[in-house]
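Asks: Provided herewith is a single structure, encoded as C-alpha cells, for subsequent inquiry.
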Amino acid sequence: MTEFDVNTLTTRATAAAGRRWPGAVVSAPSALPGGVSSLTYRATLTRPERPDTAVVLKMAPPGLEPVRNRDVLRQARIIGLLGAASGVRVPTILFEENGTPERPPLFAMTLVDGQSYEPLLDVVDSPPEPDTVAARARAAAGMLARMQNLDPVALGVGNEPVVPVPEELARWARLLDTVDDDIVPRHAELHAALADRIPAPVAPTLLHGDYRLANMLFAGEDLAAIIDWEIWSVGDPRTDLAWLLMHTDPVHRFRRSRPAADVAAGAGMPSLGELLAAYRAERDIPVADLDWFLAYCHYKTASTMSVFVKRNRRRSDPDPALVVAAESLAEVVERGLAVLGAPAVR
C-alpha cells in the first residue's frame, strides 16, 4: 500500500470506531509481517476516558474481490462467534466496516501479545525452552478438541456448506496439475492411493484449515489466541487434527539447518501419540482412519508448496527458503505413501 492508502485506512477505521465510541481515533499504523490474503496493520485505538489500546486492522486487498481467503468480514465473523464460546481463545472483534466496490471491507480486533513459533520449522531470536514447547503443543491439542466439541449449529455456522473430504482432495489435485511433474515426483501415485480408500465421513465440525502452533499466540506456556482464520470452513474434524499431528514430525523444510537453540526447542515437541492423547482427553471419541488423514496432509503440503516452488523457479532472484522447500517435496510424497503402507521406493 502507498502512504496515502495507509492514511485512508486509518481515516476509515477512525470513522468506524467513532460509530461505536464517539470521539475514538485510530492512529499510528505499522505493517505486520505475514499474511498474503489481506493487508494487516498494527495501530493504536484512542477512546475518551480509556487507556490507549493496541489493535490489529485487517483489510481486503484493494482491486480484488473480497471473496474466499480475502473475505475479511467472514474471518471477523468466526472470530466473533468463537469469542462468545466458552473456553476458546481468540482476539476480540472491536469494529468492522462493510466497504464498497471502491473501498475494501475491513475490521479491527485486539492485538494479543504472544509468540507465534513452529517448533520444528521456525527460527527466532529467543526460542522457547523444550518444556514450554511441550506444554504449548498439548494446549493446542486440547483447544482443538474443545473447538470441535462445539456444535456448528449452536456456534452459528450451521448454514455453512460442509466441505466433503473428496472435494478437498480434488482441490489439491487440481493445484498439482498446474506444476511440472519433476517438482513433486510420484504425487499422482499418492493421489491414487488416497482416492482408492477415502474414509467414511463423520459428523462435521468447525475447521481452522491451518491448525498448528505457528497460527497461535502463546504467553509462555499459555495459549493466548488462535489467529489466521482466512480459510476456515466446516468439514471433517480429522483434517485439522491430522494437520496438527503432522507437525510433530514435518518432512517439509525451509532451511537446511537451524541454530542450536531452535533445534533444542524443537526437541520438546511431543510425539504424535502424546498429542493425540491430549486431544482425546478433551474429546473422547474414536478417531478412525487417522493414517489416511496424515497421508492426506502430506499430499496437501506437497500441493500447496508446489505452487510457491513453481513461481519461485520463474524469479530472477529465487527465494532461498523455497529452493530448500523444493528439495523436500519428493520426501513429503514418500512419507505420505509410507503412512498409507504403500512402497516408499519403486
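Asks: Out of (1) over 21 Å from the mean Cα position of the chain (by Cα); (2) crowded, with 17+ Cβ neighbours inside 10 Å, what's the single condition that is false for VAL55?
Replies: Of (1) over 21 Å from the mean Cα position of the chain (by Cα); (2) crowded, with 17+ Cβ neighbours inside 10 Å, only one is false for VAL55: (1).
Asks: Of the residues that make up the range 244-251, is at least one crowded, with 20+ Cβ neighbours inside 10 Å, outside the structural domain of LEU73 (by TED's automatic domain parsing) and either free of Cβ contacts under 8 Å to residues at least 60 places away in the same chain or more than 24 Å from ALA326 (Cα to Cα) (or both)?
Replies: There is at least one residue in the range 244-251 that is crowded, with 20+ Cβ neighbours inside 10 Å, outside the structural domain of LEU73 (by TED's automatic domain parsing) and either free of Cβ contacts under 8 Å to residues at least 60 places away in the same chain or more than 24 Å from ALA326 (Cα to Cα) (or both).
Asks: On to the next question. Would you check if ASP122 is of a type in the set (D, E, K, R), more than 17 Å from PRO237 (Cα to Cα) and over 20 Å from the mean Cα position of the chain (by Cα)?
Replies: no
Asks: Which pairs do you get when a residue that is without any contact (Cβ under 8 Å) to a residue 60 or more places away in the chain, found in the range 75-102, comes within reach of a residue that is of a type in the set (D, E, K, R), reach meaning Cβ atoms under 6 angstrom, with the pair 6+ apart or on two chains?
Replies: ALA76/GLU96; GLY87/ARG146
Asks: Mind checking which residues of the range 94-111 are surrounded by fewer than 21 Cβ atoms within 10 Å (Cβ to Cβ) and in contact with a Ser or Thr (Cβ under 9 Å, 6 or more places away or on another chain)?
Replies: Within the range 94-111, ARG103, THR110, LEU111 qualify.
Asks: Would you point out which residue out of ASP236, ASP210 is of a type in the set (Asp, Glu) and surrounded by 21 or more Cβ atoms within 10 Å (Cβ to Cβ)?
Replies: Going through ASP236, ASP210 in turn, the sole match is ASP236.
Asks: Among (1) touching a Phe, Trp or Tyr at 6+ places or on another chain (Cβ under 8 Å); (2) of a type outside the set (Val, Ile, Thr); (3) under 30 Å from ALA60 (Cβ atoms), which single condition is ALA265 missing?
Replies: (3)
Asks: Could you check the range 302-323 and list, in sequence order, the residues that are under 20 Å from LEU175 (Cα atoms) and touching a Phe, Trp or Tyr at 6+ places or on another chain (Cβ under 9 Å)?
Replies: Listed by number, the residues that qualify are ALA302, SER303, THR304, LEU322.
Asks: Then there's this: Of all residues in the range 143-172, count the ones that are in contact (Cβ under 8 Å) with a residue 40 or more places away in the chain, over 20 Å from ALA200 (Cα atoms) and out of contact with any Lys or Arg (no Cβ under 9 Å at 6 or more places or on another chain).
Replies: So the answer is 4.
Asks: If we keep just the residues of the range 291-312 that are more than 19 Å from the chain's Cα centre (by Cα) and touching a residue at least 60 places away in the same chain (Cβ under 8 Å), which is surrounded by the fewest Cβ atoms within 10 Å (Cβ to Cβ)?
Replies: Among those that are more than 19 Å from the chain's Cα centre (by Cα) and touching a residue at least 60 places away in the same chain (Cβ under 8 Å), it is LYS310.
Asks: In the range 222-251, what count of residues is obtained for those that are β-branched (Val, Ile, Thr) and over 24 Å from GLU334 (Cβ atoms)?
Replies: 4
Asks: Among the strands (runs of 3 or more DSSP E) confined wholly to the range 34-144, which include 2 or more residues that are among the polar types (S, T, N, Q) and outside the structural domain of ALA278 (by TED's automatic domain parsing)?
Replies: Correct list: 39-46.
The values are calculated or read from the model by the stated rules, or taken from the named source; none is laboratory data. Fair warning: this is a prediction, and the values are worked out from it, not measured in the lab. Glycine also receives a Cβ, built like all others from the backbone with ideal geometry; neighbour counts cover every protein chain displayed.
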